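All remarks here apply to the structure that follows.
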Amino acid sequence: MLAIELPVPEGNTVHQLWLQVRHNDGHYVAFLISFVAIAAAWSSHHNLFRYVKRTDARLRELNLAWLFTIVVIPFATKLLTASGSPTLDTHALRFGFYALIQMLESVAQFAMLKHISARGQAPDAPRPAVNNMGRQAWIPMAAFGLSIPFFFVTTYAWVFWFAVPLVVGRLRELHHRPCNRR
């Protein structure tokens, strides 16, 4: 569904087509960011539900909340690429809204995980896998959540979207690296 909204380059020559692609590069970058975010969300959702043996009304409600965030992503993506010269405030609203949707997706995922665990709906789920899913839900919550207030100060707050996962990954590597003892 995201690709439907991508601008189709026009032109009679290869040069004209490439000019159109370059003119709309922001749309293509936003599409790729959203695709990666949706793919990661779907993968996490799949990993969570592969252990579920039964559901209830509350889990279905949480799942619908999660699904709502997914279907809003194309609109949020379109806001990222809206034309014009945005002020810092409008930039903050555009990017902040996108970050809010991504953060809420992770919150819904985490709420489903907690509900499934509390209700024993995934009795065969290995505890390390459940703990890992919980940690993985926190990374995008932090990355997108931390960026929101910074968008009102700088247009570069989107760096949090990439920096937080990289820093967390590096810290985990350092934490799990075996100590060299003499």
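For the range 101-122, a residue qualifies if it is closer than 12 Å to W138 by Cα and of a type in the set (G, A, S), and the qualifying residues are S106, A108, A111. Annotation for the range 22-44: no member residue is surrounded by 15 or more Cβ atoms within 10 Å (Cβ to Cβ), part of a helix (DSSP H, G or I) and among the basic types (K, R).
Looking at L79, L113, L93, L166, just one residue is hydrophobic (A, V, I, L, M, F, W, C), modelled with pLDDT under 90 and in a helix (DSSP H, G or I), and that residue is L79.
Only one entry in A143, A111 is aliphatic (A, V, I, L, M), within 26 Å of V168 (Cβ to Cβ) and either out of contact with any Leu (no Cβ under 8 Å at 6 or more places or on another chain) or free of Cβ contacts under 8 Å to residues at least 12 places away in the same chain (or both), namely A143. Inside the range 76-105, residues that are in contact (Cβ under 8 Å) with a residue 60 or more places away in the chain and crowded, with 16+ Cβ neighbours inside 10 Å make up a count of 8. Taken together, R177, R127, R119 contain a single residue that is basic (K, R) and touching a residue at least 40 places away in the same chain (Cβ under 8 Å), which is R119.
For the range 132-151, the set of residues classified as open to solvent by 40 Å² or more (accessible area, probe 1.4 Å), of a type in the set (S, T, N, Q) and within 14 Å of the chain's Cα centre (by Cα) consists of Q136 only. In the range 4-21, of all residues being open to solvent by less than 60 Å² (accessible area, probe 1.4 Å) and among the hydrophobic types (A, V, I, L, M, F, W, C), the one that is nearest to F144 (Cα to Cα) corresponds to L6. Mind checking whether some residue in the range 117-126 is of a type in the set (A, V, I, L, M), within 18 Å of S43 (Cβ to Cβ) and open to solvent by less than 40 Å² (accessible area, probe 1.4 Å)? Yes.
Evaluation of W138 against the conditions (1) free of Cβ contacts under 8 Å to residues at least 24 places away in the same chain; (2) in a helix (DSSP H, G or I); (3) out of contact with any Gly (no Cβ under 9 Å at 6 or more places or on another chain) shows that the sole unmet condition is (1). When V52 is tested against (1) touching a residue at least 12 places away in the same chain (Cβ under 8 Å); (2) assigned to a helix (DSSP H, G or I); (3) of a type in the set (V, I, T), exactly one condition is not met: (2). Against the conditions (1) within 27 Å of R172 (Cβ to Cβ); (2) in contact with a helix residue (DSSP H, G or I) (Cβ under 7 Å, 6 or more places away or on another chain), A76 satisfies every one except (1). Filtering the range 54-75 for residues that are open to solvent by 40 Å² or more (accessible area, probe 1.4 Å), within 27 Å of V153 (Cβ to Cβ) and β-branched (V, I, T) leaves an empty set.
The values are calculated or read from the model by the stated rules, or taken from the named source; none is laboratory data. Here the structure is a predicted model, which means the values were calculated and not measured. Don't worry about glycine lacking a Cβ; one is built from the backbone with ideal geometry, like all the others, and counts go over all protein chains shown. What goes into the accessible areas is simple: the full protein's heavy atoms, side chains included, and nothing from ligands, DNA or RNA. Shrake-Rupley method; radii C 1.70, N 1.55, O 1.52, S 1.80 Å.
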